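The structure under discussion appears below in the form of structure tokens.
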Amino acid sequence: MAAHDRDPRRLLAELERRLEALDQGGVRWLNVAADPDAARPAPQPPVEPPAAAPEPAPAALPPAPEPHPAAAAPVAPPAATPDAPPGASADSAEHPSQWDTLEALRDAFADCRACKLCGTRQHVVFGVGRERPPLLFIGEGPGADEDAQGEPFVGRAGALLTGLIHAAGLVREDVYITNVVKCRPPGNRNPEPDEVASCRPILQRQIELLDPRLIVSLGNVPLKVLKPGAAGITRERGVPFGYQRWTVLPTFHPSYLLRNPAAIETCWQDFRKAVQMGFAPR
Ligand code: URA
């Protein structure tokens, strides 16, 4: 946590903001410990090991996940976007696969102009969190707050996601959070296929460099990117599947939970499963 974030008044205001979002979302009870480290999930075997969990291995967290049996074929680079303005682009000669660190990848696409979203965005919202995370959360795309601040999931939906992360005994810095598209779709519409395709190599390289123990996809957009032909989040949530050498657990998007508070209980079950899978000993 940065020093300026330790200001008690700011912490209190932030806490109130998050609790209010949880309250609006229908959450009435949270098992939040005072010290997140104390509440960090103990590296114990899962109560009921999920079928698609990565194989146990003796290495300390976060070890490299085992290839998933349902591994998909490598992702092809997206089709060119003829109308894209000049500049660093995900489908130019500067292909994301050539960057060996997250920082280099972020810097290379800090002024990405691969698709039309570059014309309306304020920030390229790359992602936040730790490298080789137990959990990698993937949302749809930045909203207005995220676009203004340059950080994913900092608005109302973000407060709910952060509250769920805290309720699981974690802090945001314990995980990594990003989106399918890194620039805000105007009016908070879903990203369009060409926008998803333009950003896809960046997301792919992010996943490779982060090498998460478990990917948690939030809502339909990342689900359908990682599992084309998926039935839809209501049918697929809570059921792990393989994406290349990673395992993905789909769950509801926090924005959906804000509109449908009754679904929070179900999402919480997915969160518990995600923590079990992400922190399971190898
Ligand atoms: N919704 C998303 O999908 N991502 C964000 O970063 C914020 C809201």
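None of the figures in this text is laboratory data; all of them are computed from the coordinates on show. Here the structure is a predicted model, which means the values were calculated and not measured. Neighbour counts are summed over all protein chains in view; Cβ atoms, including those assigned to glycine, are modelled from backbone coordinates with ideal geometry.
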- Report, by residue number, each residue of the range 206-225 that is touching a Phe, Trp or Tyr at 6+ places or on another chain (Cβ under 7 Å) and crowded, with 23+ Cβ neighbours inside 10 Å. Pro212, Ile215, Val216, Leu218, Gly219
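Just name the residue that is farthest from the ligand (Cβ to nearest atom) out of those in the range 125-164 that are among the hydrophobic types (A, V, I, L, M, F, W, C), within 15 Å of Pro212 (Cβ to Cβ) and buried (at least 23 other Cβ atoms within 10 Å of the Cβ).
Only one residue tops the list, namely Leu135.
Can you tell me which residues in the range 99-150 are basic (Lys, Arg) and either part of a helix (DSSP H, G or I) or within 23 Å of Ile233 (Cβ to Cβ) (or both)?
Restricting attention to the range 99-150, the residues satisfying the condition of being basic (Lys, Arg) are 106, 113, 116, 121, 130, 132.
Arg106, Lys116 - these are the residues of the range 99-150 that are basic (Lys, Arg) and either part of a helix (DSSP H, G or I) or within 23 Å of Ile233 (Cβ to Cβ) (or both).
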- Item | Matching residues, the range 136-174, being in contact with a Ser or Thr (Cβ under 7 Å, 6 or more places away or on another chain) and not hydrophobic (A, V, I, L, M, F, W, C) | Pro152, Arg172
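Tell me whether the range 254-261 contains one or more residues that are closer than 17 Å to Leu161 by Cβ and without any contact (Cβ under 8 Å) to a residue 12 or more places away in the chain. Talk me through it step by step, then tell me what you get.
Of the residues in the range 254-261, the ones closer than 17 Å to Leu161 by Cβ are 254-261.
Add one more test, that the residue is without any contact (Cβ under 8 Å) to a residue 12 or more places away in the chain, and what stays is 259-260.
Among the residues of the range 254-261, at least one is closer than 17 Å to Leu161 by Cβ and without any contact (Cβ under 8 Å) to a residue 12 or more places away in the chain, which makes the answer yes.
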- For strands (runs of 3 or more DSSP E) lying entirely in the range 208-259, having 1 or more residues that are aliphatic (A, V, I, L, M) picks out 214-218, 246-251
- Item | Top-ranked residue in the range 151-163 [being in a helix (DSSP H, G or I), within 13 Å of the chain's Cα centre (by Cα) and of a type in the set (A, V, I, L, M, F, W, C); ranked as nearest to Glu195 (Cα to Cα)] | Ala157
